[in-house]
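Structure incoming, see below.
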Amino acid sequence: MSCSNPQSEVKDPGADIPERRTKPKNNQCIKCKTAAPVIQIRHALYCRECFVYATSGKFLKWFLSNFKPNDVHPVFYVAVSGGPSSRYLLQLLHTQMSPRKGKGSFIRPGSAEKLVVIYVDQSKVVPGAENLRNHIEDMVKDFPSVEIIEADVSESWKGSQASISAYLSGQPGQPPSATASEPTADLFDSTLSTSSQESHLALLTHHIILREARKHADSLLGKDSTAPLFLGTSATRVTIKLLSSMSRGRGWSVGSGEVQPESTQYGLNVYQPLLNTSSKEIAYYNRFAIPAHSQAVVNRSFITFSPPKSSIDRLTEELVVSLERGFPSTVSTVARTGNKISFAGETKEGERLCTLCGWPARAKANEWKNGIAITKLAGEEDESNPLADMLCYGCYTNLTDSRARSHVNYALPGWTDEYAEKQKVTESEMRKEIEDCLIDDNDNDNE
């Protein structure tokens, strides 16, 4: 792909070379070798029946590698937004929830006794978005045993108690500081950039899903019990998330579970089984295998009908999709590379968590920001910012958005108190950590 400067008089030697997509030599389905193909996935052609069989078989192979075929789990939790990826995941989980034929006359039981669907409503935050509860009920009405939990993303920060970790106030380019005053704007204030709004929305949605699943599992299975939670993140979406997260300064925590197929969060076993399935495969599977009355519904977001430069996510999406058109293995290569990234920070017991996003955070992110950017003018006094020391670099950057034109108070979610308490070290805990280095007074007296 050429990146020539249109105002330059020097001609780019690669500008006239067209992009070429590798086409299969045989115009036949790669599986059955007889039917005419209807779709090309990377470098292979498939007919309709073989494509549905191969796509569902790929999920079944992953499922059997993580869950024993004869085990029956009490509950499966699945996050559903109503979009194509979550609809695809629901359909494939439905095949495992129902009894199915085994060897001979043996009938395998369903993999779970109950399916709990967690839906987070974003209609009160995103302009033009709709509540899709009725559409999700149509999607799961044929399931044997299902429960829908609906949560509102706008309620996650409202009603929080005013405390040192409940509110942040920040000025353009300056570090946030704690305040107990009433908030004048929430995390989706119109003065923030679209990139920051998208980041806040993804953060809140992910936390609400984890907390709702944790709360339901505690009441159903007992406190601190483990249960599987499925997220419908496709390979295309995780590629965009991987690149955009590093662009926002979240590279430190990118290997801690955001782009991995398996992780443990809030005591739940979080699975992302679609990390090897592109959005194109998902769209065609939904078209071929799902009834018309229960198709996926695409809801509005902050970047719907927006130009590519409206946000980091939108620009990254344009880059990834355009590369995938000319080079079909782009998404699969980046997604597989992201699956191999591991967190190289402290051990799990001693890692430091961000008070806002809950992901591992490098210490003193505010000092790093102050060293590479102008955060105050000459003659200005430094503000006290106890919360800045508890934020990761990505959250710190979002809350000091340069588009904010005036002093704004941000109302933070209630879980910031919980994360802040985990970072505090009591005097007794500190003494226990350094007790081997202390000299006892009795030893001095004996000498």
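The values are calculated or read from the model by the stated rules, or taken from the named source; none is laboratory data. These figures come from a predicted structure and were not determined experimentally. For neighbour counting, all protein chains shown are included, and Cβ atoms are generated from backbone atoms with ideal geometry for every residue, glycine included.
Yes/no matrix, rows are residues, columns are (1) modelled with pLDDT under 90; (2) in a loop (DSSP other than H, G, I, E, B); (3) touching a Gly at 6+ places or on another chain (Cβ under 6 Å); (4) within 29 Å of residue 300 (Cβ to Cβ):
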{"residue": "120", "(1), (2), (3), (4)": "no, no, no, yes"}
{"residue": "123", "(1), (2), (3), (4)": "yes, yes, no, yes"}
{"residue": "143", "(1), (2), (3), (4)": "yes, yes, no, yes"}
{"residue": "148", "(1), (2), (3), (4)": "no, no, no, yes"}
{"residue": "160", "(1), (2), (3), (4)": "yes, yes, yes, yes"}
{"residue": "218", "(1), (2), (3), (4)": "no, no, no, no"}
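For segment 25-61, give me each residue that is in a loop (DSSP other than H, G, I, E, B) and either small (Gly, Ala, Ser) or within 30 Å of residue 149 (Cβ to Cβ) (or both).
Matches in segment 25-61: 35, 36.
For (1) surrounded by 20 or more Cβ atoms within 10 Å (Cβ to Cβ); (2) outside any helix (DSSP H, G or I); (3) touching a Ser or Thr at 6+ places or on another chain (Cβ under 6 Å), each residue gets a yes or a no:
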{"site": "274", "(1), (2), (3)": "yes, yes, yes"}
{"site": "280", "(1), (2), (3)": "no, no, no"}
{"site": "285", "(1), (2), (3)": "yes, no, yes"}
{"site": "288", "(1), (2), (3)": "no, no, no"}
{"site": "300", "(1), (2), (3)": "no, yes, no"}
{"site": "309", "(1), (2), (3)": "no, no, no"}
{"site": "313", "(1), (2), (3)": "yes, no, yes"}
{"site": "323", "(1), (2), (3)": "no, no, yes"}
{"site": "328", "(1), (2), (3)": "no, yes, no"}
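Among the residues that make up segment 220-243, is at least one of them in contact with a helix residue (DSSP H, G or I) (Cβ under 6 Å, 6 or more places away or on another chain), part of a loop (DSSP other than H, G, I, E, B), farther than 15 Å from residue 267 by Cβ and modelled with pLDDT of 90 or more?
Yes: segment 220-243 contains one or more residues that are in contact with a helix residue (DSSP H, G or I) (Cβ under 6 Å, 6 or more places away or on another chain), part of a loop (DSSP other than H, G, I, E, B), farther than 15 Å from residue 267 by Cβ and modelled with pLDDT of 90 or more.
Restricted to segment 62-102, and to residues that are assigned to a loop (DSSP other than H, G, I, E, B), β-branched (Val, Ile, Thr) and closer than 26 Å to residue 153 by Cβ, which residue is modelled with the highest pLDDT? Working first, answer last.
Restricting attention to segment 62-102, the residues satisfying the condition of being assigned to a loop (DSSP other than H, G, I, E, B) are 67-72, 74-75, 80-83, 98-99, 102.
If we keep only those that are β-branched (Val, Ile, Thr) as well, we get 72, 75, 80.
Okay, now just the ones that are also closer than 26 Å to residue 153 by Cβ, so 75, 80.
Values: 75: 91, 80: 94.
My answer is 80.
Restricting to segment 328-348, count the residues that are among the hydrophobic types (A, V, I, L, M, F, W, C) and modelled with pLDDT of 85 or more.
Qualifying residue count, segment 328-348: 3.
Is it true that residue 258 is crowded, with 17+ Cβ neighbours inside 10 Å and either in contact (Cβ under 8 Å) with a residue 60 or more places away in the chain or β-branched (Val, Ile, Thr) (or both)?
Working: crowded, with 17+ Cβ neighbours inside 10 Å: yes; either in contact (Cβ under 8 Å) with a residue 60 or more places away in the chain or β-branched (Val, Ile, Thr) (or both): yes.
Yes.
Here's a check for you: in segment 41-91, which residue that is more than 15 Å from residue 274 (Cα to Cα) and of a type in the set (Lys, Arg) is surrounded by the fewest Cβ atoms within 10 Å (Cβ to Cβ)?
By that ranking, first place goes to 68.
So, one more: With the requirement that a residue be surrounded by fewer than 20 Cβ atoms within 10 Å (Cβ to Cβ) and closer than 19 Å to residue 393 by Cα, what does segment 189-237 give you?
193, 194, 201, 202, 206
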